[in-house]
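Everything below concerns the one structure shown next.
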Amino acid sequence: MALAGRVAIVTGSSRGIGRECILGLARAGANVVVAAKSVKEAPNLPGSIGTVAAEAEALGVEALPYQLDLRDPLQAKGVVDAAVEKWGRVDILVNNASALWWQSIEDTPIPKYDLITGINTRGAFAMTQACMPHMVSGGFGRVINMSPPITAAVGAYVNKTAYNISKMGMTMVALGGTCTPGSRRIRATPRCPMLMLHTFPSRTRTHSPRVDLRVQLPPRARAGGLLATACGLPP
């Protein structure tokens, strides 16, 4: 298998694209860390770190469920330390966890701005920072951030200014990761899954009539293409 012996951490992986990334990596032979906040399933929000870890193990790899709140940088370091303690390495990081907020500047409270930038940009930075030394010492690394290309198109910011600041910040983390000293064999890549959510959080927290809630591709198709591009796997 293409990734046999590799170790991958995927944040926000208790459901959706994160779960499909875990399963795609497991099918390729990687041992996986299922890092997310949900430790229990809910009727309106299925999936947990335990259920996804069990699905990965059923594919023949080892899995480590880890409860993670990306707002705490010590937890970001903790999940990486746990992976290294268990397997002695970290090879792949998928920064998938993300907070959603599609509102205008005037309708974005500062605590909400702090939340989405704290999870999206700061969380991706903290995870990448914690993984990089292990990738450099191992001579291999892939950092995949679920974030869009940086754009100056004004229309992209309609009701999404704060959100795009946080997501394009993730893209900058990926770009910066390629410049890490000693990172010649480390590839850091932003990948935009064109995610138009119709999940429970978006249905209950998004109120803008301009928001398009269509699902363009199923999560498995999006995750498979992203992993194939970034890790050199078959889609």
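Quick notes on this one:
- Val33 being crowded, with 17+ Cβ neighbours inside 10 Å, among the aliphatic types (A, V, I, L, M) and over 23 Å from Ala130 (Cα atoms): no
- Options Val90, Val136; residue that is under 16 Å from Ala8 (Cβ atoms) and either surrounded by fewer than 23 Cβ atoms within 10 Å (Cβ to Cβ) or of a type outside the set (Asp, Glu) (or both): Val90
- Failed condition for Tyr163, given (1) modelled with pLDDT of 80 or more; (2) surrounded by fewer than 21 Cβ atoms within 10 Å (Cβ to Cβ); (3) touching a Phe, Trp or Tyr at 6+ places or on another chain (Cβ under 6 Å): (2)
- The test for being modelled with pLDDT of 85 or more and either in a loop (DSSP other than H, G, I, E, B) or over 14 Å from Thr121 (Cβ atoms) (or both) holds for Ile144.
- Residue list for the stretch 116-141, restricted to those being farther than 23 Å from Arg71 by Cβ, part of a helix (DSSP H, G or I) and among the hydrophobic types (A, V, I, L, M, F, W, C): Met135, Val136
Condition check ((1) free of Cβ contacts under 8 Å to residues at least 24 places away in the same chain; (2) over 27 Å from Asp114 (Cα atoms)) across all residues:
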{"residue": "Val10", "(1), (2)": "no, no"}
{"residue": "Arg27", "(1), (2)": "no, yes"}
{"residue": "Ser38", "(1), (2)": "no, no"}
{"residue": "Gly47", "(1), (2)": "no, no"}
{"residue": "Gly50", "(1), (2)": "yes, yes"}
{"residue": "Ala63", "(1), (2)": "no, yes"}
{"residue": "Leu68", "(1), (2)": "no, no"}
{"residue": "Gln75", "(1), (2)": "yes, no"}
{"residue": "Ala82", "(1), (2)": "no, yes"}
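- Any chance Ile22 is over 20 Å from Arg142 (Cβ atoms) and either of a type in the set (A, V, I, L, M) or at pLDDT below 90 (or both): no
- Residue in the stretch 106-126 that is of a type outside the set (Lys, Arg) and over 19 Å from Lys160 (Cβ atoms) present: yes
Residue-by-condition table, conditions (1) farther than 18 Å from Arg122 by Cα; (2) at pLDDT below 65; (3) in a loop (DSSP other than H, G, I, E, B):
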{"residue": "Leu175", "(1), (2), (3)": "no, no, no"}
{"residue": "Ala188", "(1), (2), (3)": "no, no, no"}
{"residue": "Leu197", "(1), (2), (3)": "yes, yes, yes"}
{"residue": "Arg203", "(1), (2), (3)": "yes, yes, no"}
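- Selection from the stretch 38-64 of residues that are closer than 16 Å to Ala82 by Cα and either among the hydroxyl-bearing types (Ser, Thr, Tyr) or under 15 Å from the mean Cα position of the chain (by Cα) (or both): Ile49
The values are calculated or read from the model by the stated rules, or taken from the named source; none is laboratory data. Computed from a prediction, not measured in an experiment: that's the story for all the values here. We place every Cβ from the backbone using ideal geometry, glycine too, and count neighbours over all the protein chains shown.
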